Structure formats: structure tokens, C-alpha cells
Number of protein chains: 2
Amino acid sequence: MNTYREFFIQFLQLYRPFENHLNIQLAKHDLFRGQWTILFYLSNYGSATLVELSNYQSVEKPTVTRTINRLEELGYVEQLPSIDKREKRMQLTLLGKNVYEDVRVTIDAYEQNILQGISEADQLHAIGIMREIRDNILKRGDK
Amino acid sequence: MNTYREFFIQFLQLYRPFENHLNIQLAKHDLFRGQWTILFYLSNYGSATLVELSNYQSVEKPTVTRTINRLEELGYVEQLPSIDKREKRMQLTLLGKNVYEDVRVTIDAYEQNILQGISEADQLHAIGIMREIRDNILKRGDK
DNA sequence: TACAATAGTTACCTAGGGTAACTATTTTTG
DNA sequence: CAAAAATAGTTACCCTAGGTAACTATTGTA
């Protein structure tokens with residue numbers, strides 16, 4: 001079997017179990033992956049507009065609108081006043097921050113658990129490779 | 001940022017663009033990822049029961065039933081007689097084989113393209129790491 | 001100042017996945 | 001060996017996650 005084929009087979013074969021089990025962890029906190037990644041982003045970068053989140057997640061704007069609305073209903077995020085009246089800049093509420101910290105513990109445990117036996121050097125190496133492939137994909141446009 | 005966190009961020013950040021562009025390639029042949037992976041499996045292993053496919057893809061049986069039905073409607077797969085009357089063993093039809101070979105060309109080009117700059121050694125290394133993580137996930141059950 | 005671009009929303013559609021409950025067979029076991 | 005348990009698959013129904021098209025409101029630009 002060609003190496004490049006094997007690579008993507010393995011990639012897909014890893015994704016599904018990873019997401020499945022991630023969702024099991026998140027379900028303990030009544031969250032889903034899409035919501036979690038937004039909480040993560042806001043916790044890391046302080047605030048973001050919907051377009052920013054859309055680019056970050058590689059999803060269309062309506063998808064972000066929906067997820068943000070749900071998070072707003074839950075009281076985890078709130079709008080921040082901004083000069084440009086078109087944009088909707090969001091940040092975590094106090095509750096949102098607390099929830100994030102709480103879930104972070106669960107997810108940290110999960111992630112560390114499934115990386116058992118992989119050296120930090122290997123992890124860094126893989127991160128570099130994944131970054132490079134992502135760049136390749138985004139660079140080539142939609143040929 | 002902790003390495004293990006970074007690892008999974010990068011993993012998710014790679015997945016979405018990869019799947020997006022994969023689907024763009026497959027759309028040229030009116031296929032979707034779920035269908036394609038089944039064609040791939042059948043081409044590689046000759047035949048499979050629905051449970052086998054369900055395990056391979058880490059999805060529940062109803063999902064496989066649906067996808068297989070669609071492929072059957074398209075005339076790409078057909079049932080194979082089997083001793084155990086409960087199971088439904090499927091294989092590619094002649095048309096299915098031809099379609100697979102056809103799409104394979106498109107996907108090969110796509111995959112090679114986005115792996116540009118990644119040495120074969122690096123690819124193999126990454127494959128090993130992904131395999132190991134997958135094993136970790138499957139081993140730990142659903143804690 | 002008109003026109004183009006950008007941010008976001010609304011309405012509607014699809015894939016892809018899940019659970020629960022069921023039928024039809026095999027297997028296992030008391 | 002008959003009854004119970006396990007297995008393969010289907011059906012019905014639910015949800016997340018995503019997409020496109022068409023729209024409003026604002027901001028930038030020629």
C-alpha cells in the first residue's frame with residue numbers, strides 16, 4: 001500500500017474514535033465539540049468576532065451563528081461593544097469561564113490518557129507535520 | 001501551551017479543511033466520504049459484512065445500512081450469498097470497481113498534492129503515532 | 001456619493017451520526 | 001436438546017453539524 005494512502009486512512013481511522021470519545025467526555029458537561037472549540041478559542045484569545053471563529057474552525061458563518069446563539073442562551077458568552085457596528089464581538093461570561101475551567105480538567109485527562117506512550121518529541125514532530133499539511137490544503141485553493 | 005493540548009488543536013484544525021477538500025474532490029464523482037470509504041474497504045478486502053464496515057468506520061450499524069443502501073441503489077455494490085443467513089456480505093459490482101478506480105485517480109492526486117514537502121519517513125512516523133493513539137482510545141473503553 | 005465589500009442572519013436542505021426497539025437467525029448453556 | 005443469550009441487520013425517529021442562497025445593515029472605496 002502506498003504510504004500517502006495509508007497516511008490518510010490512518011488519519012480518518014483516528015478521527016472518528018477520537019471525536020466519539022471526546023463527545024462522551026463533553027456530554028458529561030452537556031457540551032458538544034463545536035461549542036467546546038469556541039469556548040476554547042475565547043478563553044485563549046479573549047474575544048472574537050463570528051467571522052474570526054468561522055475562519056478558525058473552517059466552517060461557514062451560519063454554523064457559527066447557530067453555535068454562538070446556543071452558547072449565548074446557555075449564558076456562557078456575551079457580546080462586547082465594538083466600534084464596527086456590523087461585527088459581533090464575543091467573549092466568555094464569568095459563568096462561561098468557570099465552565100471552561102471545569103471542562104478543561106475533564107478534557108486534559110482524556111487527552112493525556114490517549115497520548116500515553118507518545119513522547120513529547122513525537123508529539124511535537126506530529127504537530128509540525130499536521131501544520132504543514134494544513135497549510136498545503138489551504139494554499140492550493142479549491143482546485 | 002501544553003504540547004498535548006496543542007496536538008489535538010492541530011489535529012482538529014487539520015481535519016476540517018481536509019474533509020472539506022476531500023468532499024470537493026468526491027463531489028466531482030457524486031460521492032461522499034462515507035460512501036467512498038466503503039468503496040475503498042471493499043476494493044481492498046474484497047467483501048465485508050455490515051458489522052465489519054461498522055467496526056472499520058467506528059459508526060453504528062444503522063449508519064452503515066443507509067450508506068450501503070445508497071451504494072446499492074447506485075449499482076456500485078451487491079450482496080454475496082453467505083452461509084450465515086443473518087449477515088449481509090457485500091462486494092463491489094463491476095461498475096463499482098470501475099468507479100472506484102476512476103475516483104482513486106482523483107483522490108491520489110489530491111492526497112499526494114497536500115502531502116507535498118512531507119518526507120516518506122515523516123509520513124510513516126506519523127502513521128505509527130496515529131495508530132498508537134487510536135489503540136489507546138479503543139483500549140480504554142468508555143470511561 | 002454611488003458601488004463594492006464585509007459581518008451577520010434567516011430560511012431551507014443534506015450528510016452523517018446516534019438510540020431504541022424490533023425481527024430473524026445462530027450460539028451457548030443448563 | 002430446548003430455552004436463553006448473542007449476533008446481524010432494519011426501521012423509526014432524533015440531533016449535530018454542516019452547506020447554499022438570499023437577505024439586511026454597515027463600512028470602505030473609486
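What the table shows:
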read-out	value
Candidate set from region B:67-102 (those that are touching a residue at least 40 places away in the same chain (Cβ under 8 Å) and within 9 Å of DNA strand D (Cβ to nearest atom)); member that is nearest to the other protein chains (Cβ to nearest Cβ)	B:90
Selection count, region A:52-82, where residues are more than 18 Å from residue A:40 (Cβ to Cβ) and away from DNA strand C (no atom under 12 Å from the Cβ)	2
Search result, residues across region B:13-33 that are facing chain A (nearest Cβ under 7 Å) and buried (at least 17 other Cβ atoms within 10 Å of the Cβ)	B:13, B:14, B:15, B:17, B:18, B:21
Condition met for residue A:38 (in contact with an Asp or Glu (Cβ under 6 Å, 6 or more places away or on another chain) and surrounded by 15 or more Cβ atoms within 10 Å (Cβ to Cβ))	no
Scope region A:82-103; condition closer than 20 Å to residue A:64 by Cβ and of a type in the set (Val, Ile, Thr); matching residues	A:93, A:99, A:103
Qualifying residue in region A:88-108 (condition: within 16 Å of residue B:11 (Cα to Cα) and surrounded by 15 or more Cβ atoms within 10 Å (Cβ to Cβ))	yes
Qualifying residues in region B:53-66 (those that are within 14 Å of another protein chain (Cβ to nearest Cβ) and within 10 Å of DNA strand D (Cβ to nearest atom)) - the one surrounded by the fewest Cβ atoms within 10 Å (Cβ to Cβ)	B:60
Residues that are assigned to a loop (DSSP other than H, G, I, E, B) and within 15 Å of DNA strand C (Cβ to nearest atom), drawn from region B:1-48	B:28, B:29, B:30, B:31, B:32
Residue list for region A:131-143, filter: within 7 Å of chain B (Cβ to nearest Cβ) and surrounded by 12 or more Cβ atoms within 10 Å (Cβ to Cβ)	A:131, A:132, A:133, A:134, A:136, A:137, A:138, A:140
Residues being surrounded by fewer than 16 Cβ atoms within 10 Å (Cβ to Cβ) and hydrophobic (A, V, I, L, M, F, W, C) - total across region B:120-130	2
Among the candidates B:55, B:98, B:44, B:69, residue that is of a type in the set (S, T, N, Q) and farther than 30 Å from residue A:21 by Cβ	B:98
Long-range neighbours under 9 Å by Cβ, at least six apart or interchain, first residue without any contact (Cβ under 8 Å) to a residue 24 or more places away in the chain within region B:24-44, second more than 16 Å from DNA strand D (Cβ to nearest atom) and part of a helix (DSSP H, G or I)	B:24/B:110; B:37/A:9
Residue list for region B:34-52, filter: within 12 Å of another protein chain (Cβ to nearest Cβ) and farther than 18 Å from residue A:1 by Cα	B:34
Residue in region A:110-130 that is within 30 Å of residue B:135 (Cβ to Cβ), more than 10 Å from DNA strand C (Cβ to nearest atom), under 16 Å from the mean Cα position of the chain (by Cα) and more than 8 Å from chain B (Cβ to nearest Cβ) present	yes
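Read-outs: derived from the displayed coordinates by stated rules, not from any lab. In this text, all values refer to a predicted model and were calculated from it rather than measured experimentally. As a convention, Cβ positions derive from the backbone with ideal geometry for all residues, glycine included, and neighbour counts pool all protein chains shown.
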